[in-house]
Amino acid sequence: MVVWLNGKFLDRDEARISAFDAGFQHGVGLFETMAARHGRVFRVMDHLQRLATSAAELRLAEGLRLEPLADAIEMTVARNELSEARVRLTVTGGDLSMLSGARSGSADPTIMVVAQAPTRYPAELFSRGVRIKVADIRTNPFDRFAGHKTLWYWPRLSELQAASAAGCAESLFLTTSNHLACGAVSNIFLVRKGELLTPIARGEEKAGALPSPVLPGITRAVVREIAGRMGIACQVRTLAIDDALGADEIFLCNSSWGIMPVVGIEGATVGGGAPGAMTRTLREALSQALDGETRDSAERLGGAVGS
């Protein structure tokens, strides 16, 4: 494996950061997880723009150069000779002590790109659907770091462990007011009477409303685009657990899974206990969009890597 670290390609065993890096010392940083097919990364600029917005709002770094960073990401996939890949971009506060009084964002960030073969999930997860567990932790609208993809992932990973121990594939987070938020590593959609419903994400709040602690997922945005082209209405609004329990269908989405059908919340069955028609249709349409966009991009550049 070849890793891109601060402008250089290094063997994975040579790719090291300082013991005093703010990401290691204090968990100061952001990351993006992206999918590649045909040697090209799907919606790479959307991911980078989201990261740059978070970096500015959280005072991690300003002036990230997105086009050279996109080039570095694509070159990392190519250097590893991957047609399909799971790509992770990590940006930390760099060699900076957050306790020394130094202003966040004043040091050069550490930037790392890792590309590796994608995780292969069992086919039955998608054909049969999964069950999810309600998280014990609540996500807080007044936490200004909520709704951003930060390195502070321990609470989410802990809830994923608890979900797995209960025989569930994902953990469903509620807000402190007990409204639906998201999965530990995913966004959530409900299907009711032929329409999509999804919780309000950061940046979608109405004037005067509380800030949303929900990450504006890139895959979530693509699902909404696809639904719009198919004439499927999508409401973005406040939702309660009863909305989920009474839904005709539920699915989760992220860059690794695409769309994951949900057939139960803990002991309650959803949608008759099988993936619904709209979930299946949107999952196939999302896969086609990912395949088509990346193939077109590869062909414009003279052919797909490794295919």
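Tell me, which residue of region 207-222 that is touching a Gly at 6+ places or on another chain (Cβ under 8 Å) and part of a loop (DSSP other than H, G, I, E, B) is nearest to Gln49 (Cα to Cα)?
Top of the filtered list is Pro216.
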Identify the residue in region 223-233 that is more than 20 Å from the chain's Cα centre (by Cα) and outside any loop (DSSP other than H, G, I, E, B) and, among all such residues, is surrounded by the most Cβ atoms within 10 Å (Cβ to Cβ).
Gly228
Qualifying residues in region 75-98 (those that are under 15 Å from Ser297 (Cα atoms) and either open to solvent by less than 20 Å² (accessible area, probe 1.4 Å) or among the hydroxyl-bearing types (Ser, Thr, Tyr) (or both)) - the one farthest from the chain's Cα centre (by Cα)
Ser83
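So that you can scan it fast, the table gives a plain yes or no per residue for (1) modelled with pLDDT under 95; (2) hydroxyl-bearing (Ser, Thr, Tyr); (3) in a helix (DSSP H, G or I):
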position	(1), (2), (3)
Met34	no, no, no
Asp46	no, no, yes
Arg50	no, no, yes
Gly63	yes, no, no
Pro68	no, no, yes
Asp71	no, no, yes
Met75	no, no, yes
Whichever residue in region 237-269 is β-branched (Val, Ile, Thr) and either surrounded by fewer than 16 Cβ atoms within 10 Å (Cβ to Cβ) or in contact with a Lys or Arg (Cβ under 8 Å, 6 or more places away or on another chain) (or both) and, among such residues, is nearest to Gly167 (Cα to Cα):
Ile265
Test of understanding: among Gly27, Gly7, Gly39, which residue is open to solvent by 10 Å² or more (accessible area, probe 1.4 Å) and more than 24 Å from Tyr153 (Cα to Cα)?
Gly7
Inspect all residues belonging to region 44-62 and state whether any of them is of a type outside the set (Val, Ile, Thr), out of contact with any Ser or Thr (no Cβ under 8 Å at 6 or more places or on another chain), more than 19 Å from Asn254 (Cβ to Cβ) and without any contact (Cβ under 8 Å) to a residue 24 or more places away in the chain.
yes
Would you please list the contacts, defined by Cβ atoms under 6 Å and residues six or more apart or on different chains, that run from a residue in region 131-159 that is farther than 26 Å from Asp46 by Cα to a residue that is aromatic (Phe, Trp, Tyr) and buried (at least 16 other Cβ atoms within 10 Å of the Cβ)?
Ala135/Phe173
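For region 126-155, enumerate the residues that are of a type in the set (Gly, Ala, Ser), open to solvent by less than 60 Å² (accessible area, probe 1.4 Å) and at negative phi.
Going residue by residue through region 126-155, those that are of a type in the set (Gly, Ala, Ser) are 127, 129, 135, 146-147.
Remaining after also requiring open to solvent by less than 60 Å² (accessible area, probe 1.4 Å): 129, 135, 146-147.
Those that are of a type in the set (Gly, Ala, Ser), open to solvent by less than 60 Å² (accessible area, probe 1.4 Å) and at negative phi: Ala135, Ala146.
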From Ala115, Ala123, which residue is surrounded by fewer than 23 Cβ atoms within 10 Å (Cβ to Cβ) and either acidic (Asp, Glu) or over 30 Å from Asn178 (Cβ atoms) (or both)?
Ala123
Any hit, region 244-257, residues being touching a helix residue (DSSP H, G or I) at 6+ places or on another chain (Cβ under 8 Å), of a type in the set (Ser, Thr, Tyr) and touching a residue at least 12 places away in the same chain (Cβ under 8 Å):
yes
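The values are calculated or read from the model by the stated rules, or taken from the named source; none is laboratory data. Note that this is a predicted model, so its numbers are computed, not measured. Every residue, glycine as well, gets a Cβ built from its backbone with ideal geometry; the counts of neighbours run over all protein chains shown. Ligands, DNA and RNA are stripped out before the accessible areas are found, and what is left, the full protein with its side chains, is counted by its heavy atoms. Shrake-Rupley method; radii C 1.70, N 1.55, O 1.52, S 1.80 Å.
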